[in-house]
1. Output the peptides 118-129, 16-27, 65-76 sorted from most to least packed, where packing is the average of other Cβ atoms within 10 Å over each peptide's residues.
2. Hey, what number do you get for the chain at 222 nm if only DSSP H runs of n ≥ 4 count, each worth -39500 (n - 2.57), divided across all residues, to the nearest 500?
3. Grab the beta carbon distance between VAL115 and GLN94, set R0 = 25 Å, and tell me the FRET efficiency rounded to 0.05.
4. Quick one: PHE131, PHE8, fewest Cβ neighbours within 10 Å first, how do they rank?
5. What do you get for the angle between helix 36-53 and the principal long axis of the chain? Use alpha-carbon atoms, 0 to 90 degrees, nearest ten.
6. Could you give the length gained by full extension between ALA20 and ILE103, i.e. 0.36 nm per residue of separation minus their alpha carbon distance, to one decimal place?
7. What list do you get for TRP64, TRP81 if you sort them by fewest beta carbons within 10 Å?
8. For LEU130 paired with TYR48, estimate the spin-label separation in nm (one decimal), with each label point 7 Å from Cα along the Cα-to-Cβ line.
Amino acid sequence: MVNNQTHFRSLSILSLLIGAFIGLATTNHFTTQTEGLLWLPALILSAYAQIKLKNDRIFLYSLWMGICQGFTLLIIHNVFWSSYLQHRPDLLYQATMEKGFKITMFIMSTVISIVYGIVLFGLVWLYGKLFKKN
């Protein structure tokens with residue numbers, strides 16, 4: 001069995017890659033209506049990775065994976081801000097009129113990342129309960 005430090009490193013790298021992929025995809029091609037199509041496979045891939053590694057800290061790792069993916073996505077959106085807003089006309093008005101819009105985005109990204117991590121934990125936990133061999 002692999003130790004927890006290796007699990008942490010592997011899941012962190014995977015989370016950063018998933019967050020970067022979704023961040024780049026949403027700044028270039030995917031819009032508000034199609035962004036959900038990216039998050040579902042990301043959630044399934046993240047859950048699969050945790051199940052395959054058979055770690056014993058699924059809540060902490062799920063939460064960490066959600067936070068890594070969310071902050072990587074936030075960083076990429078900020079780096080490619082104009083391209084991101086070009087594909088998100090619903091946010092364009094808010095971004096130009098509200099002074100603290102990027103702070104609001106940071107707070108919302110943090111909350112969404114934590115919720116994502118909890119949903120990921122729920123999937124991994126449910127899989128463990130349904131398919132765990134006695």
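1. With the highest mean Cβ count within 10 Å placed first, the list reads 65-76, 16-27, 118-129.
2. Estimated from H runs of four or more residues: -28000 deg cm²/dmol.
3. Approximately 0.75, to the nearest 0.05.
4. Neighbour counts put them in this order, fewest first: PHE131, PHE8.
5. So the helix axis and the longest Cα principal axis differ by about 30 degrees.
6. Additional length available on full extension: 27.9 nm.
7. Sorted ascending by nearby Cβ count, the order is TRP81, TRP64.
8. Taking the two extended label points, one gets 1.5 nm.
Values quoted throughout were computed directly from the atomic coordinates according to the rules given, and no laboratory measurement underlies them. Everything quoted here is computed from the prediction, not taken from an experiment. So basically every Cβ, Gly included, is an ideal-geometry build from the backbone, and we count neighbours across all protein chains shown.
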